[in-house]
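A short worksheet on the structure shown next.
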């Protein structure tokens, strides 16, 4: 099957990240078209991505016959029109949050998609793909905590850009916890209360930061969220679910930590090297592929340990096996590297 | 640039993993050829990978003009001949450990590659690509521990396959710590001693397990390694480096933990959402691309949150902003989902 | 100075604990008198504590000229009268919570003590003496987190006794967090809100459990507390303070963990063996003292390592010093234990 | 029973600690006599301990009829003679390590005690009384790890006093791990090897630091110990036992962490407040007793929360119960503190 040809609309920080991601780390897809309201920026991006064009009008980009699917990283206010165009052309679209900037137009989009009878729109709540959230969800689905009862969340950013106001803390930051709540608890949020403690005196003037949000779900579960967007400290998101049969917390720098009715705390050990080093294998191969593709230019076809490292390992292991037999220290015998490679490499 | 066409030689567990990896998660490459000494197995793999052929003879696969590079996942004893063929044809090769099965032939390979003057051979010591090892290496290179002095390693597997003997613990397991030592300390190992404590009575009969290996490096640093391959517990690798200015440990289920001369223990917080959720973004996009590519068949073009989730988030946030103003609980207003989507989806 | 003669009033679980504590682990005090509304129980306790009498009337016990100070572990409703008696006789009193069972009588006690101009009454909020809370308080006082802004607490018990009702969750459990809040933030609580999520279906029928309490302090700081008294899991109390310059959490099974504006997480290492093993030294000496005091009866005057252990250590160290010189393994030379001690001991 | 009258011989750092400990934190004992080869120092200590005399000759102190038991904190070379005197007078003695300074005299002491047929001598290996070591020992004794197979120890000090030489690392530091090994594994050490890696260039000149000791026990178990006494970092002792059924580590700033054959890592949760706050209760009462004893002089008979704190807690809880009924925020009603206490206290 040929690669999916994607149009990325908006190539600011988030959109540019997506272009780099699709180009360098995603199998089965390539960026065929980019668009930005700053035409020059789009041209610059297109110039460095093989086989990629810039198109000046976002709706043209969506309609382009050589575009199979769309990534929307444009400002929120433009989403409605662009999403409708995607639906009209039957183009699948991955839309960064928010869907649209208000409830009415969001509902309108939902209705249009429903009329088509096809789910073409995905929204960029990426936490559902994080391994810790996924692990917590799996634990809940498997009944590992029994019925969830209470959830505590913290959402902390070190800083916010200039102009970030108190309601953006709700719409841009808290919104992630809204989705986390709905995802983990599998029910809608019925009411919201936002409390405003004394603001951080060292924070941006006029900003109500931190805020405490309290959700009550349809079935009566309690969720509280500390949103603190200018801590000056670090990026930190944390979720704890307290259920009938214990509790579990993620975001503690230690993976998922669970408390059980058996009176233990802790986590799951890695069953095998595949789970432990899966990411390493992926990186190893991706970096090797990249090095080989650059090799004709560089003369170096590796990006990692080479034959000398294989030889050195063999020499040490041979000495090791000898010592295994005798129990005594054994010197490792190796030729001098320079005698093989000369001054080169 | 067109995709790198790779021949994967050997499609047992490790080779099959590499085929799946290159096909589904690696950008810029595809598996063009597979080979296995069990011809039928290679045929089966080729049948499910788009654009992939099986070739019966490994040397023919290496020589094939439609192969740009080779992944070697064949048994160790065949490596020498296959690596020489790769060098002869100037094909870059990613060779699973060991390079070859003895020191002499390993050195021979090193010399042949040196004669070519190009580094074509990479060896599969994948730990160098693991983020914890990479972080520890970066800390050492930055002088964060001062001069490293002592290193402690543990390498534990839950089980080994039948037929795994005492010298394989050295050659197949300890070999990883050999490379970790050389990688982290940036010097050769000068002597090795393998100690044999009372074996685990519950382990495979006749196997000297655990073993304790002691390395002394060229400059006199001490490294000890516990290799225990049939613990019955879990997969666990751990490395602690003790240096002039503190120590650091990885493999503790908590990321890199460092002790400093300032008298603190702990780790580095995540500076931003990009580091924290980089993996989530990659997975999100990869799964979305896969869903879109399947969409013509399935009618579902998403694999994640949809428009309804975007609408629900908007409704909650709108209530949240209202509460932010009033401080009071605000009910969330949402239409009934069934009223939009009917009985479907 | 002679030992403080203490009357312990109420020898239920908590009072009996105090009797054992004062008798076995507290220097400079002894239990001279015990009292309980079950006279027989007091007699039983008095019988096993050297130099201790039972007195039938609590007010007589307080007034007794051979009582220097009082520990009150009686039911809450009796506290008012007993505290007033202590004040009247000028006897220092350590009063288990609550001070009294309502605000009016509590204020009355405060006023009476103020009239005396001496602080005779201490209340049993023991968390202030826990090393983690003390460490957190010290960090706050030293300005390590800057101005505290938000505080999150969790208070979880595995079970509650029969008859424990919803308002007791406030008065008996939440009350600890009330004191923790006032202690750590050094200001009064201005308003309280208690939220009632869907109760744990597996909990005691009719009990509103968990409860979520929200405190707003005089200066506007936010504190939330999850009180969940029948989790079925374990005893768990946790406090996180989020301030201008970072955050710190205790109760995580890992000591105080702090996040700093330098972007690190972690804790303080132990500076010396005195901090690390202070408890061990105390236990060692207390157990040795106890063994020696029992020695005339038992013939054994130790409760710990003996002379043989000292000899064995000397033998191993002597071999170690020899090996230090030679670098080679050295056999340890020891006589056979039975040759010294025969069949005995 | 009257208090045990103890003679503390040697009031340097360790001995002075013991005097303070027995005087302030140990029930059932008091320091009756002190001695030091610096007579003035002993006099100074005696002057501040109620009922304590200085005696100039250590053997006189041991023989004194008003001494029931002896704590030996004198220099090692004097131990032999002093221990023999204790045995001669039948006085129980708690002897700081070492027993004596060589194997021969240690054995002589063992033999003399054996001839008496009473165990009068305890040796100050205080780690056996540390709660982490005790917990690990209990886990081993309960078979929680199956048969122990391998043990890894690290013993790190930030600094050593001037004059500390390489063999003292064995005799003064490693000796603790000798006892830990014998205690945890319940068997003798059969051979020792001390390895000398490149010394820490920043350490004391001429000192072989770090050292690596390798013990082989009578039954063939392997123990390795890193002893690193001038790390410049912190005090850190760590022990990991690897057994047939999993492993357990202490000294990681997180309590005992265990890996099990069930594939989990973690620890035991605290079952109840008694385990969690036992230390807090002890400290609370000890500090209260001390305050009351000082009260006649100071006019303050508490060292902790007072009646006002009890009143404040009552006021908050009353508001809490009101909110529990209504679900709404309730203001806390309290009188002004100054209205009660005036300007005082």
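A few remarks follow.
- Spin-label model, residue D:279/residue B:78: points 7 Å from Cα along the beta carbon direction are separated by 6.1 nm.
- Overall form of the stretch A:31-188 per C-alpha gyration tensor (a/c, 1.5; a/b vs b/c): prolate
- From helices alone, the protein assembly as shown scores -11500 deg cm²/dmol at 222 nm; the rule is -39500 (n - 2.57) for each run of n ≥ 4 DSSP H residues, then divide by the residue total.
- Gaussian network model of chain D, springs between alpha carbon atoms under 10 Å - residue of D:239, D:74, D:260 with greatest fluctuation: D:260
- Between 0 and 90°, nearest 10: helix B:175-185 axis offset from chain B longest Cα axis: 80 degrees
- Equivalent ellipsoid semi-axes, the stretch D:4-124, via Cα gyration tensor eigenvalues times 5, rooted, Å: 23, 15, 12
- Take each residue in D:65-75, count the other chain C-beta atoms within 10 Å of its C-beta, and the mean is 1.
- Separation of alpha-carbon centers, the stretch A:302-345 and the stretch A:69-98, rounded to whole Å: 57 Å
- Applying 1/(1 + (r/R0)^6) with R0 = 35 Å to the Cβ-Cβ distance of residue C:89 and residue D:338 gives a FRET efficiency near 0.80.
- Closest approach to the axis carrying A onto D, counted by Cβ on chain A and given in whole Å with its residue, is A:266, 1.
- With its label point defined 7 Å out from Cα along the Cα-to-Cβ axis, residue B:220 lies at 3.6, 6.4, 7.3 nm from the matching points of the other copies, in increasing order.
- For residue D:48, inter-copy separations between label points set 7 Å beyond Cα along the Cβ vector come to 3.8, 6.9, 7.8 nm, shortest first.
- Taken along the Cα-to-beta-carbon direction at a fixed 7 Å, the label points for residue C:296 and residue C:165 span 5.6 nm.
- Shape metrics for chain A, restricted to C-alpha atoms - Rg then Dmax, Å: 26.1, 80
- Shortest-first nm distances, residue D:65 label point to equivalent points in other copies (7 Å, Cα→Cβ): 3.4, 11.5, 12.0
- Crossing angle, helix C:273-298 versus chain C [Cα axis fit, 0-90 degrees, rounded to tens]: 70 degrees
- Shielding by other protein chains, A:82-93, mean Cβ within 10 Å: 2
- Axis of helix C:307-326 versus longest Cα principal axis of chain C: the two differ by about 70°, to the nearest ten degrees.
- Choice from A:203, A:220, A:163 showing the highest fluctuation, given a GNM over chain A with Cα pairs closer than 10 Å: A:163
- Shielding by partners, peptide A:214-223 (average Cβ within 10 angstrom, other chains): 4
- Alpha-carbon geometry of the protein assembly as shown: the Rg and the Dmax are 35.5, 106 Å, given in that order.
Read-outs throughout are calculated quantities, based only on the coordinates presented, and are distinct from any laboratory measurement. Not measured: the values here are computed from a predicted model. Here the Cβ is made from the backbone with ideal geometry for all residues, glycine too, and neighbour counts use every protein chain on show.
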